[in-house]
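Quick notes on the structure that follows.
The values are calculated or read from the model by the stated rules, or taken from the named source; none is laboratory data. Everything numeric in this text was worked out from a predicted model, so none of it was measured. Positions of Cβ are generated from backbone atoms using ideal geometry, with glycine treated the same way; all protein chains shown enter the neighbour counts.
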There are 2 protein chains.
Amino acid sequence: MKTETGLSKRSDRTALRILAAIALVSATSAPAQPADPLPSWNDTASRRRIVEFVKTVTEPGGKGFVPPAERIAVFDNDGTLWTEQPMYVQLAFALDRVKALAPQHPEWKTTAPFSAALAGDLKAVAASGEKGLLELVLATHAGMTTDEFAATAADWLSKARHPRFGRPYTETVYQPMLELLAYLRANGFKTYLVSGGGVEMIRSFSERVYGVPPEQVVGSTIATEYRVKDGVPAIVRLPKVDFVDDKAGKPVGIQKFIGRRPILAFGNSDGDFQMLEWTTAGPGPRLGLILRHDDAEREYAYDRKSPFGRLDKALDEAPGKGWQVVNMKGEWKAVFAAGP
Amino acid sequence: MKTETGLSKRSDRTALRILAAIALVSATSAPAQPADPLPSWNDTASRRRIVEFVKTVTEPGGKGFVPPAERIAVFDNDGTLWTEQPMYVQLAFALDRVKALAPQHPEWKTTAPFSAALAGDLKAVAASGEKGLLELVLATHAGMTTDEFAATAADWLSKARHPRFGRPYTETVYQPMLELLAYLRANGFKTYLVSGGGVEMIRSFSERVYGVPPEQVVGSTIATEYRVKDGVPAIVRLPKVDFVDDKAGKPVGIQKFIGRRPILAFGNSDGDFQMLEWTTAGPGPRLGLILRHDDAEREYAYDRKSPFGRLDKALDEAPGKGWQVVNMKGEWKAVFAAGP
């Protein structure tokens, strides 16, 4: 297969290795600025726009200069930083947890949506709608302390494998996005995740995988309660939704948790529309980016018609709003660190 | 007046200036470590315990070493970082806002608690209880965008004066605490505010006054909504409480916003009890501190009997829990940067 640059994938991989070696050598003398900070990005429109934006906001004395404290960049997680197909990772976790907890809940065998989850009938699970999915999430994400939940999530992530790629989900993160996160941080940005997913699940791996510490993760939350039992305090997760960090909830979550309007937002679906809108409507230089999944061979192609991560309205409005659409197929040299 | 060190206040002030000069000279060669990072703290038990704790958690290879990323320190605001007498600053703001908004609300003249607020009858306001105070807060803190609210709060803070000290409230912050915040940050700590007060009000001055950026402020929140009007998006504050960051709400807020358990907590009232308990019950080195207001001459003396910032249960339990009680009168050389 030839990529848009005309190089074979093998040549690309070799080129990447050389670039990585150069970066390593260069790093010895100037740690923050490797020779090419974005080696997995082809030299196409998206890369150029990103580099231009970073140059604009970091140039001392330039008219677009933004002080480091205000360089807030927000990233959606599912479908923007890692694969969200064939289903959200958190849903895969919930389905596995239903199976693990089933012996304690004999009634689940005959109660929807649990019966569908136990039968592995993903279509029926999806058909149970938002209400059904919420029931699955609450039954599997509540009723334990935050520490216990984090340990369960970390354990699952270490063992579960992506059904197509056969790798841990944490290895389905996108190499070009890891490079972009690091590039922004090297330029004084503070990088945040702003996800519709549950905040504690993401926090269990965000630092190790993305270099984003727990306190820079904004996500959906369930209600919790502080309890002291036999002198030992704990924070207990309750089966009640506290906040849904999706769609119009994303700017609300950004304001609540961060308290500043970002200057860069990167998403991939209509769930990110308002986050992009809020970010790019502010004064001064702003950058809104949308990852378009058009690469069935290396990852997935789905945009307008997927139950997970549908990209429709945001794609239509991107040109008018000045948002940059990143086409995975043509603009990324590599998708995953482990290939392809 | 003589302080516990036997020096007059004038001598103390001179000593402080000399120390500041030394710090400045020293800073030229080693910016992070002035000669004495805590010049306003007497050499008494609290100071020694703080310095010992910082030494323990920062000593590479030491058995109490804590990686910088986990050095989270949380500070209550009212009564811990600035004066909360004769009333919470946010309540003073709410009362002034009631007066400013009264022409648009003729019904307030005859409706409690607004009538009491307009008459300046603080006792009747206090007697209206939590419900009454909440009504005042919601009527004055909602119904505008977050940007508008922040501008109103900043404008008020620039004009309002503390009734006793005749200075802006932002100059009733405690000099020893500013030094402590800076000292912790110089030692790799990330300093957070965790306040029962409204998060947006505190964010409007936290960076300038405390060096704590908006994203490191945890506080009470009201519900907000994302709205787009004539193509311009805004986040609108609704007259509905979202989260109360006080008492058992403090550890809940810490987990929700920060997602890590702090290793140091500093409070001054029973409203901080659970925050101290949650912080100091964790494994490894932990430090809980309580500021005791026992200095009627330089500030206030109130602990067990104040409607604002009552310190009763936490004071009783401090010895058993190993929390360090900081006595303002004997342990602080200076209270305010501007004196006394």
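In the condition set (1) within 14 Å of chain A (Cβ to nearest Cβ); (2) touching a helix residue (DSSP H, G or I) at 6+ places or on another chain (Cβ under 9 Å), B:Pro113 is compliant with all but (1).
Do we find that B:Tyr210 is closer than 23 Å to A:Pro283 by Cβ and hydroxyl-bearing (Ser, Thr, Tyr) in this structure? Explain how you work it out, then say what you get.
Details: closer than 23 Å to A:Pro283 by Cβ: no; hydroxyl-bearing (Ser, Thr, Tyr): yes.
In short, no.
When B:Tyr226 is tested against (1) facing chain A (nearest Cβ under 8 Å); (2) in contact (Cβ under 8 Å) with a residue 40 or more places away in the chain, just one condition goes unmet, and that condition is (2).
Out of everything in segment A:259-282 that is assigned to a loop (DSSP other than H, G, I, E, B) and over 20 Å from A:Val217 (Cα atoms), what residue ends up being farthest from the other protein chains (Cβ to nearest Cβ)? Looking at the filtered set, the residue picked out is A:Gly282.
Tallying residues that are buried (at least 20 other Cβ atoms within 10 Å of the Cβ), part of a helix (DSSP H, G or I) and not small (Gly, Ala, Ser) within segment A:283-327 yields 1. Restricting segment A:137-150 to residues that are within 14 Å of another protein chain (Cβ to nearest Cβ) and assigned to a helix (DSSP H, G or I) leaves a set whose member that is farthest from A:Trp108 (Cα to Cα) is A:Asp147. Against the list (1) over 12 Å from the mean Cα position of the chain (by Cα); (2) part of a loop (DSSP other than H, G, I, E, B); (3) assigned by TED's automatic domain parsing to the domain that holds A:Arg49, the condition A:Arg167 fails is (3).
Any chance segment A:66-87 includes a residue that's over 30 Å from A:Lys190 (Cα atoms) and not hydrophobic (A, V, I, L, M, F, W, C)?
yes
For A:Arg208, the conditions (1) farther than 22 Å from A:Ala182 by Cβ; (2) without any contact (Cβ under 8 Å) to a residue 60 or more places away in the chain all hold with the exception of (1). Among the residues of segment B:250-286, those that are under 21 Å from B:Asp316 (Cα atoms) and touching a Gly at 6+ places or on another chain (Cβ under 7 Å) comprise B:Ala265, B:Asn268, B:Ser269, B:Gly271, B:Met275, B:Leu276, B:Thr279, B:Thr280.
Quick one: how many residues across segment B:229-248 are within 11 Å of chain A (Cβ to nearest Cβ) and either free of Cβ contacts under 8 Å to residues at least 24 places away in the same chain or farther than 23 Å from A:Arg260 by Cα (or both)?
Here is the first cut: in segment B:229-248, the ones within 11 Å of chain A (Cβ to nearest Cβ) are B:231-238, B:242-243, B:247-248.
In the following step, the residues that additionally are either free of Cβ contacts under 8 Å to residues at least 24 places away in the same chain or farther than 23 Å from A:Arg260 by Cα (or both) were identified as B:231-233, B:242-243, B:247-248.
Going through segment B:229-248 one residue at a time, the tally reaches 7.
With respect to the conditions (1) more than 10 Å from chain A (Cβ to nearest Cβ); (2) in a loop (DSSP other than H, G, I, E, B), B:Leu181 falls short on a single one, namely (2).
Residues in segment A:250-258 include none that are part of a strand (DSSP E or B) and basic (Lys, Arg). Restricting attention to segment B:184-200, the residues that are away from chain A (no Cβ under 14 Å) and among the polar types (S, T, N, Q) add up to 1. Keeping to segment B:55-94, report how many residues are part of a helix (DSSP H, G or I) and crowded, with 21+ Cβ neighbours inside 10 Å. Residues meeting the conditions: 6. Among the residues of segment A:118-144, those that are under 19 Å from A:Ser220 (Cα atoms) and crowded, with 17+ Cβ neighbours inside 10 Å comprise A:Gly132, A:Leu133, A:Glu135, A:Leu136, A:Val137, A:Leu138, A:Ala139, A:Thr140, A:His141, A:Ala142.
Of the candidates B:Lys305, B:Lys256, the single residue that is basic (Lys, Arg), in the same structural domain as B:Ala69 (by TED's automatic domain parsing) and under 19 Å from B:Arg71 (Cα atoms) is B:Lys256. Output the residue which, of all residues in segment A:202-220 that are away from chain B (no Cβ under 11 Å) and assigned to a helix (DSSP H, G or I), is nearest to the chain's Cα centre (by Cα). Looking at the filtered set, the residue picked out is A:Tyr210. Checked against (1) within 30 Å of A:Ala150 (Cβ to Cβ); (2) surrounded by fewer than 22 Cβ atoms within 10 Å (Cβ to Cβ), A:Gly271 passes all but a single condition, namely (2).
Determine, yes or no, whether B:Ala126 is modelled with pLDDT under 95 and either in a helix (DSSP H, G or I) or among the hydroxyl-bearing types (Ser, Thr, Tyr) (or both). So B:Ala126 fits the description; yes.
Looking at A:Thr191, A:Thr172, A:Thr110, A:Thr146, can you tell me which residue is of a type in the set (Val, Ile, Thr) and within 19 Å of A:Tyr88 (Cβ to Cβ)?
Just a single option satisfies the conditions, and that option is A:Thr172.
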